[in-house]
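Here is the structure we will look at.
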Amino acid sequence: MLLETIEEHRCFGGLQGIYRHASRVTGTPMRFAVFVPPQAAGGPVPAVWFLAGLTCTEENFTIKAGAQRLAADLGLALVAPDTSPRGLDLPDEHAAYDFGSGAGFYVDALQAPWASHYKMYSYVTDELPTLVAAAFPVDPSRQSVMGHAMGGHGALVCALRNPGAYRSVSAFAPIVAPSQVPWGQKAFAGYLGSDQSAWASYDATELVAGSAWDRPILIDQGEADTFLDEQLRPWLFEAACQSAGKPVTIRRQPGYDHSYYFIASFMADHLAHHARALAG
């Protein structure tokens, strides 16, 4: 599988790179970022995946989250995929920030014309992990996943649907119940169609009761987040976890909003959460 290096930079003793490949899943070129910590010189290291939110690319987390220094200290690789296929011109693909380009919602679309390319769930759970394991010094048996907003939804869904693939999961301001909020309803109707049984398979609040996931889930939510009441509603997931007996910690952070300033403020806690699960 041909991998093109877009850029690489020495960073905290490790290497931060941006790469591109031709995806068989999306049928498009796809970019992603990888930080390899200095410990990789001694052998494969565990990896933490970060799934970004609406409008983002692989660069938002890489540039804004302040994660590389922490990951270098902990010996963690960081992998950040893009949020949708690029280079297409599907009808209305670029008309809104919350659907189409930059808004793949980490689902495998079922509706035309999206079904031919918008397969971000398969891309981030299958194709890209296989590529990363082959091209970088990471241990595929030690992986964790986290994300922000739309990407927090993606991280929770990936973990709940694949409990054997990830050692831990966390999220910043995730869309926990997409079937019940405008962002998710718009995306699911467009990508998956009107059958809401298909929606449930990508809704963390619906999935949690039937999932075999049994490890701690960490979520941080800013109390000054302007999307909190309409789009995020973490209490819905909290109640579902409590009902199902799943271990979840949702930390309400006074004064914090939805931005990467919020994410950077608590990144150390999230990477420590993952490092504990990935040790050994």
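Details
- Taken over the chain, the percentage of Cα pairs per 5 Å bin, counting from 0 up to the bin with the maximum distance, is 1, 6, 14, 18, 20, 18, 13, 7, 2, 0, 0.
- Under 14 Å, Cβ to Cβ, from GLN111 - net charge with Lys/Arg +1 and Asp/Glu -1: -2
- Under 17 Å from LYS119, Cα to Cα: aspartates and glutamates that are on another chain or at least 8 residues apart: GLU58, ASP82, ASP89, GLU93, ASP98, ASP108, GLU127, ASP203
- Amide H contacts of LEU51: MET146, GLY147, HIS148, each under 5 Å away and 5 or more positions distant or on a separate chain (H built 1.01 Å from N in the peptide plane; Pro and chain starts excluded).
- For VAL45, distant residues with modelled amide H under 5 Å away: VAL138, ASP139
- Radius of gyration, Dmax [the range 99-164; alpha carbons; angstrom]: 12.8, 38
- Relative contact order (%) - criterion: Cα under 8 Å, at least six apart; region: the chain: 17 percent
- Residue-normalised accessible area of the chain, expressed per residue, 1.4 Å probe, Å²: 38 Å²
- Phi-based couplings in Hz for the range 140-145 (Karplus 6.51, -1.76, 1.60; Gly and Pro marked x): x, 7, 10, 10, 9, 9
- Helical contribution to [θ] at 222 nm, DSSP H n ≥ 4, -39,500 (n - 2.57), averaged over the chain, rounded to 500: -8500 deg cm²/dmol
- Formal net charge of residues neighbouring ALA22 (Cβ-Cβ distance under 15 Å; K, R +1; D, E -1): +2
- Shown in residue order for the range 126-139 are the 3J(HN,Hα) couplings computed by the Karplus curve 6.51 cos²θ - 1.76 cosθ + 1.60 at θ = phi - 60°: 10, 5, 5, x, 5, 5, 4, 5, 7, 9, 10, x, 10, 9 Hz (x for Gly and Pro).
- Heavy-atom accessible area ranking, 1.4 Å probe, most first, across ILE217, ILE6: ILE6, ILE217
- Near the amide H of SER168, within less than 5 Å, lie the amide hydrogens of VAL145, all on another chain or at least 5 residues away, with H placed in the peptide plane.
- Dimensions of the range 202-280 along the principal axes, based on C-alpha atoms and rounded to the nearest Å, stand at 36, 34, 20, largest first.
- Each 5 Å bin from zero holds the following percent of Cα-Cα pairs in the range 70-218: 2, 9, 19, 23, 20, 14, 8, 4, 1, 0.
- The range 1-97 - Debye-derived log10 I(q)/I(0), Cα point model, q = 0.13, 0.22, 0.23 Å⁻¹: -0.49, -1.14, -1.21
- Accessible carbon and sulfur surface of the chain relative to its total accessible area, %, 1.4 Å: 52 percent
The values are calculated or read from the model by the stated rules, or taken from the named source; none is laboratory data. Worth saying up front: this structure is predicted, and the values here are computed from it rather than measured. Cβ atoms come from the backbone with ideal geometry, glycine included; neighbour counts cover every protein chain shown. Calculation scope for accessible area: heavy atoms of the full protein, side chains included, ligands and nucleic acids excluded. Shrake-Rupley method; radii C 1.70, N 1.55, O 1.52, S 1.80 Å.
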